[in-house]
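Student: Just passing along the structure, written as structure tokens.
The values are calculated or read from the model by the stated rules, or taken from the named source; none is laboratory data. None of the values given here were measured: they were computed from a predicted structure. Virtual Cβ from ideal backbone geometry, glycine too; neighbours counted across all protein chains shown.
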Amino acid sequence: MRFDRIRLRNFKPYVDTDLRLTEGVTVIHGLNGSGKSSLLEACFFALYGSKALDGTLGDMVTNGAEESEVELWFTHDGRSYHVRRELKRYGEQIQTTTCTLDSDDEAIHRDGATDVRAFVADLLRMDAAAFVNCAYVRQGEVNKLINATPTERQDMIDDLLQLGRLEEYRERAGNARLGVNEVLGNKRELLRDYESRIEEREAKDPHETLNALQSDLSEVDAKIENYEQQREKAEQSRQQARSVLDEHEERREELAELEADVDDLETTIREDEAERERLGDRVGDLRDRVDEAEETLRERLAVVAVDDADPETLAARREALDDREDEVREELREARSRADALSTQSETLEERAADAASRAEEKRERAAELDADAEAAAETLEEREASLAESTAERGELTAEFDDEPVAVGEATAHRESVREALADVQAEVRETSNDLAAARSSVEEAERLLEEGKCPECGQSVADSPHVDALDEDRERVARLENTLAELNDRVEERTADVERAEALVEAENRIGQIDDTRELLEDGIAEKESEIAEKRERAATLREEANDLEGEAEEKRDAAETQAERAREVRDDVEELEAALDDLDEARDDLDAVEAGRDALDEAETEIERLGERRAEIADRNDERREFLAAKRSRRDELREAVDEEAVQSARDSLDSAEDYLEKVTDALEDLAERRDDLTSRIGAVENEIEELESLREDRDALAARVEELEAVHEETEELEAMYGDLRAELRRANVESLERMLNETFELVYGNDAYSHIELDGEYELTVYQKDGEPLDPEQLSGGERALFNLSLRCAIYRLLAEGIEGAAPTPPLILDEPTVFLDSGHVSRLADLIEEMRGFGVRQILIVSHDDELVGAADELVRVEKNPTSNRSTVERVADPSLSAVERPVGDAEHADD
Ligand SMILES: Nc1ncnc2c1ncn2[C@@H]1O[C@H](COP(=O)(O)OP(=O)(O)OP(=O)(O)O)[C@@H](O)[C@H]1O
Ligand SMILES: [Zn+2]
């Protein structure tokens with residue numbers, strides 16, 4: 001097997017790295033912490049997942065990254081595989097989101113961490129632990145195998161060499177043996193149980209018991225047979241006695257019956273004779289009645305006027321009566337309906353007459369009302385005519401007022417207005433003249449005062465020669481003139497005022513005339529209206545009275561007609577009564593006919609009865625004759641029987657019956673006891689037979705069980721052998737392995753640490769390791785120095801690896817040998833030995849070796865050199881294949897020196 005390529009994304013310090021790996025020795029080189037170990041861990045993680053590593057999934061994902069991916073391509077047994085794992089962070093947790101394995105064979109595909117891990121473990125024939133123990137020597141784990149206890153070591157190595165399988169098989173065989181053993185134990189127990197049960201049953205000796213019971217049973221059977229024969233004989237004699245007695249009894253019964261029969265017959269004959277006599281009497285009675293009925297019938301025939309009582313004549317008579325009745329009924333119906341019709345007519349006429357009379361009455365009342373109304377209207381008319389005359393007189397007076405006036409009626413208002421204006425004009429003139437007068441008077445007074453003072457009244461200058469004083473006279477004249485004018489004017493005012501007063505009186509009169517005229521007009525209209533109303537009312541009253549007269553005449557006529565119809569109805573009702581009487585007569589005639597018929601029927605019946613009774617009497621006589629014969633026969637048989645009874649024979653039969661019954665009772669009891677005994681014996685025999693049968697079947701079961709136990713013993717032996725065989729085989733193989741391993745270990749150790757101090761290493765069957773010094777002293781490997789221990793461990797691992805490579809047939813799984821810092825504790829001499837070892841391992845068939853180392857010498861031995869570097873600022877690692885490893889060894893980084901030595 002070999003790794004071809006590893007690709008990392010966000011795995012530990014790697015952001016994105018893709019590294020191809022080839023066959024041969026690859027040395028991975030770099031400073032401390034640059035990420036070398038992480039690269040190897042990635043390969044291991046790809047194969048087995050995180051379970052096999054110390055850390056958790058979280059340690060795999062680069063700090064701060066959300067997801068991570070690791071892919072590994074590898075080749076095994078000529079087939080390529082590709083594993084891919086993806087991790088994702090979910091909050092605090094990291095989960096594997098993808099885990100697949102594919103191959104160039106399409107059929108091979110695994111999905112899911114568990115399937116992939118199982119597939120890899122199966123393919124490489126080692127699980128993660130085995131891989132770590134054998135192929136992947138992790139940094140600092142050099143002492144693991146040395147420190148392990150022999151048992152741990154044994155488990156590791158057995159596991160690697162698949163010896164574990166044999167142990168598994170041995171254990172399975174062991175389990176099978178235990179299982180068989182348990183079943184065997186159970187079956188043996190069961191077998192013992194069966195045997196003890198069989199013994200128990202045999203001890204009872206059921207066959208002997210059966211024999212005894214069967215002989216008892218045959219004795220009982222014999223007795224039963226004997227008794228049954230005796231019983232039969234007794235039954236026979238009982239039977240004979242019984243038949244004698246029965247016969248006797250029969251005869252006695254027959255006799256009794258006969259005697260009773262004879263008695264019965266005698267009684268019956270007597271009774272029937274009496275009956276015959278009674279019947280004879282009855283016939284006599286009936287004959288008398290027939291005579292009577294014939295007499296009555298003759299009388300009735302006379303009544304109904306029929307000669308003969310024969311049914312046809314009677315029926316014809318009845319038919320005639322019926323026809324007559326139909327006629328009468330028809331007439332009656334007609335008469336009744338006519339009478340009803342006439343009554344109705346009469347009533348209707350009566351009603352009409354009443355109606356006409358009441359209407360005439362109404363009309364007369366209405367005419368009286370109209371007359372009263374006309375009377376009232378005439379009074380009103382008179383009143384109105386009086387008012388009219390009054391107002392005509394008043395008007396004449398008022399019109400007379402205008403006679404001496406300059407105006408006519410109708411001009412008064414206009415006249416009043418002109419008179420008023422004339423008054424107003426005069427009054428205005430009076431006011432004007434009064435004012436002028438006052439002014440003239442005051443200027444006169446002023447001039448007079450001034451004159452007294454000597455001053456001009458106008459200019460206040462000295463009046464002497466004043467122009468104004470000259471005017472004083474004129475003014476005095478003027479005052480006088482004005483006083484005259486005013487007096488005149490006042491007279492005129494008086495005149496005009498009188499004019500106005502008169503004019504106002506005229507206006508009043510004129511208004512009153514207008515009112516009177518209006519009233520007169522109304523009165524004249526009212527008078528005309530009343531006159532026509534009176535005339536109309538009187539006319540209508542006359543008409544109504546005429547109509548009332550007519551209606552009264554009409555009522556008189558109707559009343560007469562009603563009386564006529566009522567009279568007719570009475571006549572018809574008399575006819576009805578007559579017809580009803582005729583109907584009653586018809587009924588009577590029919591009743592008479594019924595009586596005739598009844599009389600005739602009674603007569604017929606009586607005759608029939610007489611005939612019937614005669615027949616019955618003859619019958620009774622016949623039957624009694626028969627009975628008498630029968631009676632004679634019975635009497636002679638009775639006499640015979642009385643003679644035949646033998647009392648002695650009857651007594652002896654009775655005795656023998658008693659003794660037979662006595663014996664039968666006893667023998668029945670004895671037989672019952674015997675039957676009981678027999679049943680008991682039979683059931684006991686049945687039980688014993690069952691026991692015997694059970695015993696047989698128990699024996700059969702026991703035999704079968706014994707055979708099964710024998711088989712199981714054989715199987716048990718076989719499983720024991722198988723278990724031992726697997727144990728032996730493993731021991732044998734282990735011994736062979738231990739021998740090979742010891743040899744290889746010695747060879748390898750010799751190669752890497754050959755010196756004078758140690759002679760050889762011993763690996764015993766229990767995987768105990770002992771190192772022997774040259775002087776033969778044994779040494780516990782733990783006592784070795786650090787470097788020695790590293791070499792010892794390497795040797796052991798390489799030996800195991802060799803054994804694995806050589807010891808397993810078919811495709812050796814041999815994964816790459818991975819060494820992480822194997823040189824840590826080694827001095828330079830041993831480092832070169834290690835290089836030799838590596839070379840040798842290749843010779844043993846290890847195709848790929850991956851070494852993490854700083855050592856130049858190992859670098860020199862590399863076919864491929866991979867340099868790992870970490871960027872100190874970003875803390876991210878990168879890998880780089882160095883083209884020529886031999887060159888690179890010279891350019892070894894200085895910082896690595898401290899790693900080189902111990
Ligand atoms: N999950 C992680 N995320 C980021 N860096 C990590 C993570 N886990 C480990 N590292 C870093 O990877 C480095 C460890 O790498 P590794 O052990 O492979 O180094 P090395 O080359 O083998 O060193 P040495 O020579 O000392 O053995 C450390 O520097 C560590 O800080
Ligand atoms: Zn390291």
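Student: Of Arg867, Arg833, which residue is more than 19 Å from Thr17 (Cα to Cα) and among the basic types (Lys, Arg)? Even if it seems obvious, please write down each step before you answer.
Tutor: On the way: Arg867 fails: more than 19 Å from Thr17 (Cα to Cα).
Being more than 19 Å from Thr17 (Cα to Cα) and among the basic types (Lys, Arg) holds for just one of Arg867, Arg833, which is Arg833.
Student: When only residues in the stretch 596-607 that are buried (at least 16 other Cβ atoms within 10 Å of the Cβ) and of a type in the set (Gly, Ala, Ser) count, which is farthest from Val283 (Cα to Cα)? Explain how you work it out, then say what you get.
Tutor: Taking the stretch 596-607 as the starting set, the residues that turn out to be buried (at least 16 other Cβ atoms within 10 Å of the Cβ) are 596-597, 599-600, 602-603, 606.
Now restrict to residues that are of a type in the set (Gly, Ala, Ser): 599, 602, 606.
Values: Gly599: 19, Ala602: 15, Ala606: 9 Å.
The residue in question is Gly599.
Student: For the stretch 86-142: of the residues being within 16 Å of ligand 2 (Cβ to nearest atom) and part of a loop (DSSP other than H, G, I, E, B), which is modelled with the highest pLDDT?
Tutor: Arg138
Student: Run down Val15, Val27 and say which single residue is more than 16 Å from ligand 2 (Cβ to nearest atom), touching a residue at least 24 places away in the same chain (Cβ under 8 Å) and either part of a loop (DSSP other than H, G, I, E, B) or not hydroxyl-bearing (Ser, Thr, Tyr) (or both). Talk me through it step by step, then tell me what you get.
Tutor: Values: Val27 fails: more than 16 Å from ligand 2 (Cβ to nearest atom).
Exactly one residue qualifies, and that residue is Val15.
Student: Looking at Arg138, Arg117, can you tell me which residue is within 16 Å of ligand 1 (Cβ to nearest atom), among the charged types (D, E, K, R) and over 30 Å from His716 (Cβ atoms)? Before the answer, list the steps.
Tutor: Working: Arg117 fails: within 16 Å of ligand 1 (Cβ to nearest atom).
Sole residue among the options that is within 16 Å of ligand 1 (Cβ to nearest atom), among the charged types (D, E, K, R) and over 30 Å from His716 (Cβ atoms): Arg138.
Student: So, one more: Give the residue that is surrounded by the fewest Cβ atoms within 10 Å (Cβ to Cβ), with candidates limited to residues of the stretch 819-846 that are away from ligand 1 (no atom under 16 Å from the Cβ) and under 19 Å from Met1 (Cβ atoms).
Tutor: Gly843
Student: I've got another one for you. Among the residues in the stretch 795-809, are any at pLDDT below 85 and assigned to a loop (DSSP other than H, G, I, E, B)?
Tutor: yes
Student: Quick one: count up the residues across the stretch 743-771 that are surrounded by fewer than 18 Cβ atoms within 10 Å (Cβ to Cβ) and either touching a Leu at 6+ places or on another chain (Cβ under 8 Å) or assigned to a loop (DSSP other than H, G, I, E, B) (or both).
Tutor: 11
Student: Can you name every residue in the stretch 39-73 that is within 21 Å of Pro822 (Cα to Cα), surrounded by fewer than 20 Cβ atoms within 10 Å (Cβ to Cβ) and within 16 Å of ligand 2 (Cβ to nearest atom)? Walk me through how you get there before you give the answer.
Tutor: Step one: filter the stretch 39-73 for residues within 21 Å of Pro822 (Cα to Cα), giving 39-45, 52-54.
Pick out the ones that are also surrounded by fewer than 20 Cβ atoms within 10 Å (Cβ to Cβ) and you get 52-54.
Within the stretch 39-73, Leu53, Asp54 meet the criteria.
Student: Tell me the residue from Tyr90, Tyr48 that is farther than 26 Å from Val882 by Cβ, more than 13 Å from ligand 1 (Cβ to nearest atom), hydroxyl-bearing (Ser, Thr, Tyr) and touching a helix residue (DSSP H, G or I) at 6+ places or on another chain (Cβ under 8 Å), please. Full working, then the answer.
Tutor: On the way: Tyr90 fails: touching a helix residue (DSSP H, G or I) at 6+ places or on another chain (Cβ under 8 Å).
Going through Tyr90, Tyr48 in turn, the sole match is Tyr48.
Student: Starting from the stretch 142-156, keep only residues that are among the small types (Gly, Ala, Ser), then list their pairs with residues that are in a helix (DSSP H, G or I) whose Cβ atoms are within a distance under 8 Å, requiring at least 6 positions of separation or different chains.
Tutor: Every condition considered, the pairs that remain are Ala148/Met156.
Student: What is the number of the single condition among (1) at positive phi; (2) within 16 Å of ligand 2 (Cβ to nearest atom); (3) under 60 Å from the mean Cα position of the chain (by Cα) that Gly33 does not meet?
Tutor: Checking Gly33 against (1) at positive phi; (2) within 16 Å of ligand 2 (Cβ to nearest atom); (3) under 60 Å from the mean Cα position of the chain (by Cα), the one that fails is (3).
Student: In addition: Being in contact with a Ser or Thr (Cβ under 7 Å, 6 or more places away or on another chain), hydroxyl-bearing (Ser, Thr, Tyr) and either more than 16 Å from ligand 1 (Cβ to nearest atom) or over 23 Å from Leu817 (Cβ atoms) (or both) is the requirement here; does Tyr81 meet it? Steps first, please.
Tutor: Numbers: in contact with a Ser or Thr (Cβ under 7 Å, 6 or more places away or on another chain): yes; hydroxyl-bearing (Ser, Thr, Tyr): yes; either more than 16 Å from ligand 1 (Cβ to nearest atom) or over 23 Å from Leu817 (Cβ atoms) (or both): yes.
Judged against the criteria, Tyr81 is a match.
Student: Out of all the residues in the stretch 158-176, which are closer than 28 Å to Ala805 by Cβ and surrounded by 19 or more Cβ atoms within 10 Å (Cβ to Cβ)? First the steps, then the outcome.
Tutor: First, the residues of the stretch 158-176 that are closer than 28 Å to Ala805 by Cβ: 158-170.
Of everything in the stretch 158-176, those that are closer than 28 Å to Ala805 by Cβ and surrounded by 19 or more Cβ atoms within 10 Å (Cβ to Cβ) turn out to be Asp158, Asp159, Leu160, Leu161, Leu163, Leu166, Arg170.
Student: Can you tell me which residue in the stretch 618-645 is surrounded by the fewest Cβ atoms within 10 Å (Cβ to Cβ), limited to those that are under 25 Å from Leu255 (Cβ atoms) and without any contact (Cβ under 8 Å) to a residue 12 or more places away in the chain?
Tutor: Ranking the qualifying residues of the stretch 618-645, first place goes to Glu643.
Student: Restricted to the stretch 143-177, and to residues that are hydroxyl-bearing (Ser, Thr, Tyr) and assigned to a helix (DSSP H, G or I), which residue is nearest to ligand 1 (Cβ to nearest atom)?
Tutor: The residue in question is Thr151.
Student: Could you list, in sequence order, all residues of the stretch 51-74 that are on the phi < 0 side of the Ramachandran plot, within 12 Å of ligand 1 (Cβ to nearest atom) and under 60 Å from the mean Cα position of the chain (by Cα)? Please lay out each step first, then the result.
Tutor: Step one: filter the stretch 51-74 for residues on the phi < 0 side of the Ramachandran plot, giving 51-63, 65-74.
Narrowing further to those that are within 12 Å of ligand 1 (Cβ to nearest atom): 53-63, 65, 68.
Thr56, Leu57, Gly58, Asp59, Met60, Val61, Ala65, Ser68, listed by residue number.
Student: Just to be sure I understand the filter: pairs with C-beta atoms under 8 Å, separated by 6 or more residues or on different chains, first member in the stretch 847-867 and within 11 Å of Val25 (Cα to Cα) and assigned to a loop (DSSP other than H, G, I, E, B), second member within 16 Å of ligand 2 (Cβ to nearest atom) and of a type in the set (Val, Ile, Thr). Which pairs pass?
Tutor: What qualifies is Ala862/Thr26; Ala862/Val27; Ala862/Ile851; Asp863/Thr26.
Student: Search the stretch 30-49 for residues that are within 20 Å of Asp127 (Cα to Cα) and pair each with any residue that is within 8 Å of ligand 1 (Cβ to nearest atom) and of a type in the set (D, E, K, R) when their beta-carbon atoms are under 8 Å apart and the residues are at least 6 apart or on different chains.
Tutor: Leu40/Asp820; Glu41/Lys12; Ala42/Lys12
Student: Now a separate question. Mind checking which residues of the stretch 1-36 are surrounded by fewer than 20 Cβ atoms within 10 Å (Cβ to Cβ), under 26 Å from Thr97 (Cβ atoms) and within 12 Å of ligand 1 (Cβ to nearest atom)?
Tutor: Val15
Student: Would a scan of the stretch 216-237 turn up a residue that is hydrophobic (A, V, I, L, M, F, W, C), surrounded by fewer than 14 Cβ atoms within 10 Å (Cβ to Cβ) and assigned to a helix (DSSP H, G or I)?
Tutor: Within the stretch 216-237 (the criterion being hydrophobic (A, V, I, L, M, F, W, C), surrounded by fewer than 14 Cβ atoms within 10 Å (Cβ to Cβ) and assigned to a helix (DSSP H, G or I)), the answer is yes, since at least one residue qualifies.
Student: Out of curiosity, is Val306 in a helix (DSSP H, G or I) and in contact (Cβ under 8 Å) with a residue 60 or more places away in the chain?
Tutor: Details: in a helix (DSSP H, G or I): no; in contact (Cβ under 8 Å) with a residue 60 or more places away in the chain: yes.
Spelling it out, it is not the case that Val306 is in a helix (DSSP H, G or I) and in contact (Cβ under 8 Å) with a residue 60 or more places away in the chain.
Student: Still on this model: Quick one: Leu381 ticks every box in (1) of a type outside the set (D, E, K, R); (2) touching a Gly at 6+ places or on another chain (Cβ under 9 Å); (3) not in a helix (DSSP H, G or I) bar one, so which box is it?
Tutor: Unmet condition: (3).
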